Amino acid sequence: LDVGLEKESPKRIAACFADVCRILSAAHDAGIVHGDLKPSNVMIRNDGSPVLLDFGLSTRLSDEDSSSFSSSIAGTPAYLAPERIRDRIRAASGDIYSLGVTLYRVLAGRVPFERPTVFEQLQCHLHQEPTLPSAYRAEVSDGLQRICLKAMEKNPSDRYQSTAEMAADLDRVVAGEVIRTRPTAYDNLLFHPV
């Protein structure tokens, strides 16, 4: 995905990620959490449509329970949601976080927390705010940056509550509309210096 979208327009990136959101929405509606979203698990066909691969770490959720507990951390450390690390909970919210990190990778050309050890990466996911993608690439669209950071909120209740909700904002980027989503990272940048 990151290679396929390199140097693409914000509208093209948004359209592709909106399609990925719709694929994930169908999986989540069926009670399946992917569990290992990252660029190498999303391929782009010749027609430009994405294909979601590798459901090897996916979890089937019961109808009564919105999350699943596992005694171990499974997944790619650079893309793990805080609740997966801290509480070992596998839920749709974790897929949304991982999708946000994947979008960050496409926008910034790197993952948000490049650290030499897995432990340091995991600690960053738990406690550190990511640097704005526009700090690495000035041409990053503000709308996509907002969507990315909203998906990467540390607290699951502050994130998009569904991939359909995230897709709606991505569709607004495609339509050239203003994105009003305000991630807490924006507030932190404003209030900490004050």
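Worth pointing out:
- Of the accessible area of the chain, computed with a 1.4 Å probe over protein heavy atoms only, carbon and sulfur atoms account for 51 percent.
- For segment 97-163: rounded, prolate or oblate by the Cα gyration tensor [a/c cutoff 1.5]: oblate
- Identified option (computed Rg and Dmax of the Cα atoms in Å; candidates (1) 15.6, 49; (2) 17.0, 51; (3) 37.7, 136): (1)
- Tensor-based shape of segment 75-121 (alpha-carbon gyration tensor, a/c under 1.5 rounded, otherwise prolate or oblate): oblate
- Computed magnitude of the charge dipole of the chain (debye, nearest 20; Cβ of K, R +1, Cβ of D, E -1): 340
- Mean residue ellipticity at 222 nm, helices only, the chain: -13000 deg cm²/dmol; runs of at least 4 DSSP H residues each add -39,500 (n - 2.57), and the sum is divided by the number of residues.
- Solvent-accessible surface of segment 3-55, taken per residue with a 1.4 Å probe and all protein chains present: 48 Å².
- Shape call, segment 67-181: gyration tensor on alpha carbons, a/c limit 1.5: oblate
- Taking 30, 81, 167 in turn, the Gaussian network model of the chain (Cα-Cα springs below 10 Å) assigns the largest fluctuation to 30.
- Formal net charge of residues neighbouring residue 51 (Cβ-Cβ distance under 11 Å; K, R +1; D, E -1): -2
- Cross-link reach list, lysines versus residue 11, counting only Cα pairs under 16 Å and skipping chain neighbours closer than eight places: none
The values are calculated or read from the model by the stated rules, or taken from the named source; none is laboratory data. The shown structure was predicted, so the numbers you read here are calculated from the model rather than taken from an experiment. Neighbour counts are summed over all protein chains in view; Cβ atoms, including those assigned to glycine, are modelled from backbone coordinates with ideal geometry. The protein model used for the area step is the full one, side chains on, heavy atoms only, and it has no ligands, DNA or RNA in it. Shrake-Rupley method; radii C 1.70, N 1.55, O 1.52, S 1.80 Å.
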